[in-house]
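Structure record follows, encoded as structure tokens.
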Amino acid sequence: MASTPLLRYSSAHASTSDVSEVAPGVFVHQGRYEVQSAANGGDIANASFVVGSEAVAVIDTSGSAKLGADLRDAIRSVTDKPIKYVINTHMHPDHVFGNAAFKQDNPEFVGHYKLARALGTRKDSYLIANEQMIGADGFAGSEIILPTLGIKEPTKLDLGDRELLLEPQPTAHTDNDMIVTDLKTNTLFLGDLLFSVHVPTIDGSIKGWLAVLDEMGKRKAARVVPGHGPKTMELPQALVPEQEYLSTIADDVRRQIAEGKTLEQATKSAGFTEKDAWKLFDQYHVRNVTAAYAELEWE
């Protein structure tokens with residue numbers, strides 16, 4: 001899916017200012033396939049914004065206030081319309097810490113109805129860990145901003161001549177995943193329900209995630225925006241590698257549980273046939289097997 005480069009201007013921070021218009025009025029910044037560090041400033045997740053005739057909605061804001069400010073500058077290079085909504089697809093720091101840069105716009109901060117509890121519970125640990133990874137300078141000004149609007153049922157937000165459909169999901173990648181569809185261009189923002197290239201990370205339910213992916217595969221969309229991966233992809237092909245990865249872990253773990261294997265044994269073998277298919281496998285795969293084992297041993 002071709003993307004048209006739109007903005008490439010010099011920034012004092014990382015590269016959140018590098019955005020592309022992937023459909024009329026729909027803009028995406030692609031994060032790096034890396035773990036958070038001082039070198040990348042936390043710029044590891046995709047961040048997007050949608051421009052209507054009356055207002056703008058931001059969909060995920062990257063991993064620091066500085067990156068959020070870069071994203072806001074990119075928006076202001078496109079339009080001076082008010083930023084009415086800042087939408088977070090889920091709780092993870094690389095998607096929410098840029099929210100602080102948008103406080104001056106007084107938007108509605110929008111998320112799954114479980115997002116406020118999840119962020120409130122992890123607030124201190126997220127602040128400490130992410131400042132350590134990014135460094136005090138890169139993380140300066142970052143804070144947890146809780147949603148002012150929690151979404152429990154499918155909800156439409158009006159930007160003027162275009163609506164966004166927000167749909168909270170059952171527990172999958174996390175317990176507070178939400179997908180967003182720009183109905184005008186049929187662009188589907190899946191957040192971290194979709195990883196590409198970057199290995200998926202389980203912080204919810206492997207069974208739930210596979211079930212959600214089955215449902216997503218039945219959908220029709222002009223394009224999908226993953227939480228980590230290329231700026232746009234196509235359904236259902238985009239889902240296949242992730243489905244294969246998660247299914248392989250689930251199958252291997254179930255077999256090893258049936259054979260009486262311990263968690264330690266499972267973490268040394270389950271899912272390792274997928275190793276060459278993903279970046280950051282060594283950083284996250286054992287955690288995924290551990291999460292899957294804890295869930296599946298009680299089936």
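The values are calculated or read from the model by the stated rules, or taken from the named source; none is laboratory data. Quick caveat: nothing in here was measured; it's all calculated off a predicted structure. So basically every Cβ, Gly included, is an ideal-geometry build from the backbone, and we count neighbours across all protein chains shown. Ligands, DNA and RNA are stripped out before the accessible areas are found, and what is left, the full protein with its side chains, is counted by its heavy atoms. Shrake-Rupley method; radii C 1.70, N 1.55, O 1.52, S 1.80 Å.
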By how many degrees, 0 to 90 and rounded to 10, does the Cα axis of helix 206-216 deviate from the longest principal axis of the chain? 50
Treating segment 212-264 as a set of equal point scatterers at the Cα positions, no solvent, please give the Debye-formula log₁₀ I(q)/I(0) at q = 0.19 Å⁻¹. -0.70
Under a Cβ-Cβ cut-off of 12 Å, what is the net charge of the residues other than Ala129 that fall near it, where Lys and Arg count +1 and Asp and Glu count -1? -1
What fraction, in whole percent, of alpha-carbon pairs in the chain exceed 32 Å separation? 22
When the Kirkwood radius is taken over all Cα pairs of segment 161-299, what Stokes-Einstein diffusion coefficient follows at 20 °C and 1.002 mPa s, in µm²/s? 138
hull vol. (C-alpha, convex hull) per residue for segment 98-229, Å³ -> 129
In degrees from 0 to 90, rounded to the nearest 10, what is the angle of the helix 65-78 Cα long axis to the longest principal axis of the chain? 50
Which whole-angstrom value gives the distance between the alpha carbon centres of segment 142-197 and segment 34-97? 14
For segment 154-260, which whole percent of the accessible surface, found with a 1.4 angstrom probe, sits on carbon and sulfur atoms? 49
For the chain: accessible area per residue (Å², 1.4 Å): 41
Have a look at the DSSP beta bridges in the chain and tell me what percent are antiparallel, nearest 5. 65
Strictly over 29 Å apart at the Cα level, which of Lys66/Lys207; Lys218/Lys279; Lys123/Lys207; Lys123/Lys268; Lys66/Lys114 would you flag in this model? Lys66/Lys207; Lys123/Lys268
Between beta-carbons, use under 11 Å as the cut-off and find the net charge around Ser247, counting Lys and Arg +1, Asp and Glu -1. -4
Within-11-Å neighbourhood charge of His92 [Cβ basis; K, R +1; D, E -1]: -4
Taking the Cα atoms only, what angle lies between the long axis of helix 115-134 and the longest principal axis of the chain, rounded to 10 degrees? 90
